[in-house]
Amino acid sequence: MDKYKCIKPLSVTKYDENEMVTEDEEKLIEVGSEWTLEEDNLSIFGEIRLESESEWLDVCEETLKECFEVVATYPE
């Protein structure tokens, strides 16, 4: 498991509790927010799923590299 910190603000598509896209709504991911990545944690769309205490977001590998940095790595 890796822990990431957002280093560049980004806006992502907002999903409801059933993982359905919420029409015309986006969520701002704030700089400094922390997220975890479980090993092999891919979304149903093949993107990388990051999780916080109360929410999740899916990002592509390019966005992960550009907007997040690893702050800790924990053995599985």
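The values are calculated or read from the model by the stated rules, or taken from the named source; none is laboratory data. Being a predicted model, the structure only gives us computed values, none of them experimental. Only protein heavy atoms, including side chains, enter the accessible area calculation; ligands, DNA and RNA are left aside. Shrake-Rupley method; radii C 1.70, N 1.55, O 1.52, S 1.80 Å.
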Practice prompt. Leaving ligands, DNA and RNA out of it, work out the accessible area of Glu62 with a 1.4 Å probe and give it in Å² to the nearest 10.
Written response: 130
Discussion item. If I ignore ligands, DNA and RNA and count only protein heavy atoms, how much of Glu30 is accessible to a 1.4 Å probe, in Å² to the nearest 10?
Written reply: 120
Worksheet item: Going from most exposed to least, what order do Ile48, Ile7, Ile29 have by accessible area with a 1.4 Å probe?
Response: Ile7, Ile48, Ile29
